[in-house]
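J.: What follows is a structure written as C-alpha cells; I'll ask about it next.
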Amino acid sequence: MSNWLRNSGVCLAMAMLVACGDDPTPTMTVIGGSVRDEATEEPVRGAEVRVMSGAELQASALTDETGRFQLQFPANAGPGSQSLELSASLEGFRSASRPVVVNQGMPSELSYALSLIPEGVASCIQKSGPAVIVGHFRSAPGRPDPDLSARIADTFRYDLLTQIQKANFVATKQPGIFPCGTAKPMTPERYGRYARLLGADAYVGGFVTSPDPIKVKVQITVADGYGVMVAPLTATSSDVDLDDPTLARLAPEANAAVLTALAIGYKLSDKPQECVDLIAASERMLGSLPATLATLREECKAALPNRGLL
C-alpha cells in the first residue's frame, strides 16, 4: 500500500472519530437579561453579573445604564444540558442568584431577570409575623432627627401593644412593631410594596412638623402588605411629645390605620380568633370601630371553627 493511501486512511479514521466523538467543538452561548432594585423597581447600573459552572467562572460583565447585561462563553453544543448559576452583586446591595440551564448551547430562557435588595432594606426583612414596619419619616425643618423612626415606633408600641397585650394573645401571635429608617419609598403609593418586600402586614411612613420646641405634629401614612386597602390611610396627630413615648399619644385615626392592616393580616393568614381578639382590643382603645374594622370583625367571626355551634 502506498504512503498516500495509508495517510488518507489514517486521516479518514481521525475525521470519523472527531465527528462521532462525545466532545464536539464548543459553541458560543449568549445569556442576557437585566438587574433592578427590588425596592424601587429602578434599573441597577454597574452591577457585576457572573455565570459560574460550579467553582469555575464562565463569564462576567457589568450592567449598563439601563440595568441590562450580556454574557458570552463557550458551551457544549452536543446533546445533554448544563446547569449553571447566574449571580449579580453590587456594593450596598444584597447579592442575588438564580439557576440557568443551557441545552445544546442554548439557554432555557430568552432573558434573565435578577433583583437586588438594598442592604438597609434587607436588614429589616421580618422572618415571622405579624409585623408593622415604621419606615422613614422626614424630620421637621431645622430639626434633624436620625432616630425619628425608632421614636415613632416606640410611641406605637406604648399606644397599641399595651392594649393588645390585654387581649387573649399568646406571645408568639402578638404583632411586633419595628423601626426601619433606611426603608424610604419615594411615594406613599409604594408603601404597600415595601410592606410586602419586608414581610410586614403594614408599612408606616410620613413626616413631622414642629410647631413648638417639644411637641410636634406627626403626619402618618399606612399601607397594608396585601393590597386590600384601596389607598393608603392617612392621619394627623398634633401635640405629640416623642421624647416620652409613655406619654405620647397618636390620633385614634393613626392607631386605627395600623390596626386595620394587622386585622387584614390575621384574616388572610387564616387566624380568625386572633383577628377577633385584635378588633376587640381595638374597640376598647378607639371607643368605636371604623366601618372597615367592624366589617372585618364580622368576617372573622364567621370564619371561627366553632361558629356553627354558638
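J.: List the pairs whose first member sits in the stretch 84-106 and is free of Cβ contacts under 8 Å to residues at least 24 places away in the same chain, whose second member is assigned to a strand (DSSP E or B) and acidic (Asp, Glu), and whose Cβ atoms are under 7 Å apart, counting only residues at least 6 apart or on separate chains?
T.: Close Cβ pairs (under 7 Å, with a partner that is assigned to a strand (DSSP E or B) and acidic (Asp, Glu)) amount to 97/85; 99/85.
J.: Mind checking which residues of the stretch 162-182 are open to solvent by less than 60 Å² (accessible area, probe 1.4 Å), out of contact with any His (no Cβ under 6 Å at 6 or more places or on another chain) and within 20 Å of residue 118 (Cα to Cα)?
T.: Matches in the stretch 162-182: 179, 180.
J.: Is it the case, given these coordinates, that residue 198 is at pLDDT 95 or above, surrounded by 14 or more Cβ atoms within 10 Å (Cβ to Cβ) and hydrophobic (A, V, I, L, M, F, W, C)?
T.: It is true that residue 198 is at pLDDT 95 or above, surrounded by 14 or more Cβ atoms within 10 Å (Cβ to Cβ) and hydrophobic (A, V, I, L, M, F, W, C).
J.: Can you find even one residue in the stretch 72-84 that is surrounded by 10 or more Cβ atoms within 10 Å (Cβ to Cβ), closer than 29 Å to residue 182 by Cβ, among the hydroxyl-bearing types (Ser, Thr, Tyr) and modelled with pLDDT of 85 or more?
T.: Within the stretch 72-84, not a single residue is surrounded by 10 or more Cβ atoms within 10 Å (Cβ to Cβ), closer than 29 Å to residue 182 by Cβ, among the hydroxyl-bearing types (Ser, Thr, Tyr) and modelled with pLDDT of 85 or more.
J.: Inspect all residues belonging to the stretch 260-271 and state whether any of them is among the hydrophobic types (A, V, I, L, M, F, W, C), out of contact with any Gly (no Cβ under 7 Å at 6 or more places or on another chain) and closer than 30 Å to residue 145 by Cβ.
T.: Within the stretch 260-271 (the criterion being among the hydrophobic types (A, V, I, L, M, F, W, C), out of contact with any Gly (no Cβ under 7 Å at 6 or more places or on another chain) and closer than 30 Å to residue 145 by Cβ), the answer is yes, since at least one residue qualifies.
J.: Scan the stretch 42-65 for residues that are surrounded by 12 or more Cβ atoms within 10 Å (Cβ to Cβ) and either outside any strand (DSSP E or B) or touching a residue at least 60 places away in the same chain (Cβ under 8 Å) (or both) and report the count.
T.: Selection size over the stretch 42-65: 7.
J.: When residues of the stretch 30-41 are filtered for being open to solvent by 50 Å² or more (accessible area, probe 1.4 Å) and part of a strand (DSSP E or B), how many remain?
T.: Of the residues in that region, 2 qualify.
J.: Which ones in the stretch 217-255 are open to solvent by 10 Å² or more (accessible area, probe 1.4 Å), among the β-branched types (Val, Ile, Thr) and under 17 Å from residue 136 (Cβ atoms)?
T.: Of everything in the stretch 217-255, those that are open to solvent by 10 Å² or more (accessible area, probe 1.4 Å), among the β-branched types (Val, Ile, Thr) and under 17 Å from residue 136 (Cβ atoms) turn out to be 221, 234.
J.: Which members of the stretch 263-310 meet the condition of being closer than 22 Å to residue 200 by Cβ and β-branched (Val, Ile, Thr)?
T.: Correct list: 264, 276, 279, 292.
J.: Here is a further query. In the stretch 85-113, which residue that is touching a helix residue (DSSP H, G or I) at 6+ places or on another chain (Cβ under 9 Å) and open to solvent by less than 80 Å² (accessible area, probe 1.4 Å) is farthest from residue 36 (Cα to Cα)?
T.: Among those that are touching a helix residue (DSSP H, G or I) at 6+ places or on another chain (Cβ under 9 Å) and open to solvent by less than 80 Å² (accessible area, probe 1.4 Å), it is 92.
J.: Among all residue pairs at least 6 apart or on different chains, which show Cβ distances below 7 Å where the first residue, located in the stretch 154-169, is within 16 Å of residue 266 (Cβ to Cβ) and the second is among the small types (Gly, Ala, Ser) and at pLDDT 80 or above?
T.: Hits for this filter: 163/281; 164/281; 167/280; 167/281.
Residue by residue, here is whether (1) farther than 24 Å from residue 233 by Cβ; (2) charged (D, E, K, R); (3) in contact with a strand residue (DSSP E or B) (Cβ under 8 Å, 6 or more places away or on another chain); (4) at pLDDT 90 or above holds:
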site	(1), (2), (3), (4)
111	yes, no, yes, yes
116	yes, no, yes, yes
133	no, no, yes, yes
139	no, no, yes, yes
167	no, no, no, no
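J.: Among the listed residues 147, 159, which satisfies the condition of being open to solvent by less than 70 Å² (accessible area, probe 1.4 Å) and of a type in the set (D, E, K, R)?
T.: Exactly one of 147, 159 is open to solvent by less than 70 Å² (accessible area, probe 1.4 Å) and of a type in the set (D, E, K, R), namely 159.
J.: Are any residues in the stretch 201-247 hydroxyl-bearing (Ser, Thr, Tyr) and either without any contact (Cβ under 8 Å) to a residue 60 or more places away in the chain or farther than 13 Å from residue 191 by Cβ (or both), and if so, which ones?
T.: 209, 210, 221, 226, 234, 236, 237, 238, 246
The values are calculated or read from the model by the stated rules, or taken from the named source; none is laboratory data. Note that the structure is predicted; figures quoted are calculated from it, not measured. In this analysis, Cβ positions are derived from the backbone assuming ideal geometry, glycine residues included, and neighbour counts consider all displayed protein chains. For accessibility, only protein heavy atoms count, side chains too; no ligands or nucleic acids. Shrake-Rupley method; radii C 1.70, N 1.55, O 1.52, S 1.80 Å.
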